[in-house]
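For reference, the structure discussed in these notes is given below.
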Amino acid sequence: MKRFMLGLLVLFLAGCGATTDNAASPLTIEGSFARPAFAPATLMQTPTMATTPISPTMGGGMGGGAMMGSNSAAYMTIRNTGAADNLIAAATDVAGKVELHTVTADGDVMKMEQVEKIEVPANGEAVLKPGGFHIMLLEIKQDLKVGDTLDLTLTFEKAGKITVKVPVQMPSAQ
Ligand SMILES: [Cu+2]
């Protein structure tokens, strides 16, 4: 048994050695897009963007989902050809705050909920899509118009940081 474990370890280390190059990351990001949004400064014409605290617990106000305005969300499929990993954070210059969210049903009401991580199964994929997991972009600093592109840096527990170019587009009707 011990010898078997050792063999596995060697294999594992050999695998690691081969993937020090970023290009060989087991993760690929496909079909990413972000919803259009408008910066509050544009909506209100107020030059002083006081950092009015948006409810830290995401409780009430976010429920509707129809809230068009200073929030956006990014969606994508994360494919994994390696061991299980977790998306644990995301960041972009165009948002003051970025959170990982899912959507849960509370009776008939769908509401968004923050999660600590989004699992990317081994040799599988994580699908971020409207009505499910998504990357919430809060406190948008500039208008996100259809056709724009934003840089989104994803942080994975094992794979580290991956930056993707995310086009802004309307979610396609499903
Ligand atoms: Cu959300």
Close pairs from the range 104-120: first acidic (Asp, Glu), partner away from the ligand (no atom under 14 Å from the Cβ) and open to solvent by less than 90 Å² (accessible area, probe 1.4 Å), Cβ under 6 Å, at least 6 apart: Glu119/Asn86
Looking only at the range 134-163, and only at residues there that are of a type in the set (Val, Ile, Thr) and assigned to a strand (DSSP E or B), the one that is nearest to the ligand (Cβ to nearest atom): Ile135
Pairs, first within 12 Å of Ser70 (Cβ to Cβ) in the range 128-154, second acidic (Asp, Glu) and more than 10 Å from the ligand (Cβ to nearest atom), C-beta under 9 Å, six or more apart: Lys141/Asp93; Gln142/Asp93; Gln142/Asp148
Looking only at the range 71-82, and only at residues there that are open to solvent by less than 10 Å² (accessible area, probe 1.4 Å) and farther than 22 Å from Leu144 by Cα, the one that is nearest to the ligand (Cβ to nearest atom): Ile78
Residues (away from the ligand (no atom under 14 Å from the Cβ), acidic (Asp, Glu) and open to solvent by less than 20 Å² (accessible area, probe 1.4 Å)) located in the range 83-132: Asp85
From the options Thr104, Thr149, Thr153, residue that is over 19 Å from Gly31 (Cβ atoms) and among the hydroxyl-bearing types (Ser, Thr, Tyr): Thr104
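The values are calculated or read from the model by the stated rules, or taken from the named source; none is laboratory data. Computed from a predicted model, the values in this text were never measured in an experiment. Because the Cβ atoms are built from the backbone with ideal geometry, glycine has one as well, and the counts that use them run over all protein chains shown. The accessibility values were calculated without ligands, DNA or RNA, using every heavy atom of the protein model including side chains. Shrake-Rupley method; radii C 1.70, N 1.55, O 1.52, S 1.80 Å.
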